[in-house]
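First up is the structure itself, then whatever we jot down about it.
The values are calculated or read from the model by the stated rules, or taken from the named source; none is laboratory data. Here the structure is a predicted model, which is why all the values come from computation and not from measurement. Cβ coordinates were reconstructed from backbone atoms using ideal geometry, including for glycine residues, and neighbour counts include every protein chain displayed. Ligands, DNA and RNA are excluded from the accessible area calculation, which covers all protein heavy atoms including side chains. Shrake-Rupley method; radii C 1.70, N 1.55, O 1.52, S 1.80 Å.
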Amino acid sequence: MAILVTGGAGYIGSHTCLELLRSGYDVVSLDNYYNSSPEALKRVMKLAGKELTAYDCDIRDRGGLQKIFSEHAIEVVIHFAGLKAVGESVRIPLAYYENNVAGSVTLLQEMEKAGVHCIVFSSSATVYGDNDPPYVEDMPTGAVTNPYGRTKYIIEEILKDACAANEALSAVLLRYFNPIGADSSGQMGENPNGIPNNLMPYIAQVAVGKLSELQIFGDDYPTPDGTGVRDYIHVSDLGVGHVKAVAYAMEHTGAQAINLGTGKGVSVLELVRAFEKASGVNIPYKIVPRRAGDIPASYADPGKAKELLGFVTQRTVDDMCADTWKWQSGNPDGYKA
Ligand code: NAD
Ligand code: WQD
């Protein structure tokens with residue numbers, strides 16, 4: 001019995017592969033390495049002291065998927081593969097719909113042919129749109145302001161419809177908040193291409209001198225210090241959450257949306273201060289106007305994950321900063337080196 005991890009070489013996928021191996025599962029990774037490196041999987045195997053099987057494959061490649069399903073007894077698919085840059089999705093929406101939505105339909109069709117009935121899907125808190133936090137899973141979704149977020153909403157709806165049509169299907173829709181951090185070994189971490197869009201990798205690259213100063217997008221939000229508030233969750237906690245979701249998917253049928261977050265909001269300035277404390281490095285910054293599309297605050301109600309998965313985050317914001325710093329300072333060029 002094996003777990004197929006699409007996007008397995010990616011930031012969250014690689015950390016999840018590590019936690020799956022540590023939990024005793026056999027792991028098969030599928031990735032086209034569009035936004036990752038096979039080196040990440042080598043680090044995973046070294047840290048786990050166990051092998052996994054890696055395929056250089058695209059989720060849109062039916063022949064490649066059929067080969068994987070014929071060569072392995074896949075019990076559950078964890079589906080990370082996708083494009084995820086909000087700004088890029090506004091510029092090239094058709095590429096996002098083709099890769100994320102059409103790719104997911106192809107994957108689901110080949111799963112059905114292969115008799116694989118369990119999927120854990122990488123959704124996002126972005127589907128909550130303009131609701132007020134703390135976000136609860138039964139809130140209305142879909143009022144999303146960018147094509148990337150809409151692909152997540154649409155794939156959730158596809159999975160709900162597929163489960164309604166096939167009573168054997170099990171789909172766990174994990175809505176991540178803001179994953180940051182790195183495995184405590186310092187051997188794996190976030191490895192964004194080009195200038196990071198997200199806050200933590202940007203801070204980390206300022207700290208190692210690759211970028212000169214952080215731009216803080218607005219300090220006039222209705223939040224305690226005026227800067228944006230987010231629910232940051234350690235990527236290793238997220239990996240553990242997926243291990244628990246795999247067990248849940250195998251024991252249940254139907255579609256189930258579950259938040260993966262800490263339930264705590266942290267501001268931009270609070271994260272900067274925490275990173276400075278963890279790294280001992282001053283992070284120069286400048287307050288600039290708000291970024292279009294940003295919301296003041298986003299954080300989870302984590303109660304359903306605790307109730308259904310027995311999942312509670314363990315790592316703190318200080319852990320997230322210390323682990324990020326260990327990775328970034330030891331690997332200033334990511335996996336390229
Ligand atoms: P990532 O880019 O590091 O990982 C995605 C992986 O999928 C990459 O390795 C990429 O090469 C691969 N991939 C993309 N398209 C593919 C295709 N057609 N076929 C095969 N492989 C393909 O991103 P991540 O941060 O690890 O995110 C993983 C998933 O979680 C994504 O679906 C993302 O939308 C979702 N998510 C991420 C965040 C976040 O802040 N990082 C938050 C919520 C949800
Ligand atoms: C966090 C806070 C910014 C960068 C995004 C996607 C979401 C999900 C997670 C995929 C905000 C501020 C940021 C910077 C800053 N990804 N910031 N300067 O926007 O909450 O969520 O990543 O699913 O879909 O939207 O994360 O890290 O970009 O921003 O001041 O250089 O940091 O305004 O308040 P976000 P982020």
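If you check Asp26, Asp58 for being among the acidic types (Asp, Glu), out of contact with any Cys (no Cβ under 9 Å at 6 or more places or on another chain), closer than 25 Å to His117 by Cβ and away from ligand 1 (no atom under 16 Å from the Cβ), only one passes: Asp26.
Under the condition of being touching a residue at least 60 places away in the same chain (Cβ under 8 Å), more than 16 Å from ligand 1 (Cβ to nearest atom) and either of a type in the set (Val, Ile, Thr) or under 23 Å from Leu214 (Cα atoms) (or both), the residues counted in segment 266-312 number 14. Is segment 206-215 home to any residue that is outside the structural domain of Leu83 (by TED's automatic domain parsing) and near ligand 2 (Cβ under 7 Å from one of its atoms)? Within segment 206-215, one or more residues are outside the structural domain of Leu83 (by TED's automatic domain parsing) and near ligand 2 (Cβ under 7 Å from one of its atoms).
Of the residues in segment 252-308, how many are part of a helix (DSSP H, G or I), acidic (Asp, Glu) and within 30 Å of Cys118 (Cβ to Cβ)? The number of residues fulfilling the criteria is 1. Only a single item in (1) part of a loop (DSSP other than H, G, I, E, B); (2) within 16 Å of ligand 2 (Cβ to nearest atom); (3) open to solvent by 10 Å² or more (accessible area, probe 1.4 Å) is not met by Thr227, and it is number (3).
Total residues in segment 33-53 satisfying the condition of being farther than 20 Å from Asp333 by Cβ and open to solvent by 60 Å² or more (accessible area, probe 1.4 Å): the figure is 3. Cβ separations smaller than 9 Å between residues 6+ apart or across chains give no pair from segment 64-87 residues that are outside the structural domain of Ser124 (by TED's automatic domain parsing) and closer than 16 Å to Tyr25 by Cβ to residues that are among the hydrophobic types (A, V, I, L, M, F, W, C) and surrounded by fewer than 18 Cβ atoms within 10 Å (Cβ to Cβ).
Residue-by-condition table, conditions (1) within 16 Å of ligand 2 (Cβ to nearest atom); (2) within 18 Å of the chain's Cα centre (by Cα):
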| position | (1), (2) |
| --- | --- |
| Leu30 | no, yes |
| Ser37 | no, yes |
| Ile74 | no, no |
| Ala85 | yes, yes |
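As a summary of the residue check, Phe121 satisfies the conditions (1) at pLDDT below 95; (2) in a strand (DSSP E or B) except for the one numbered (1).
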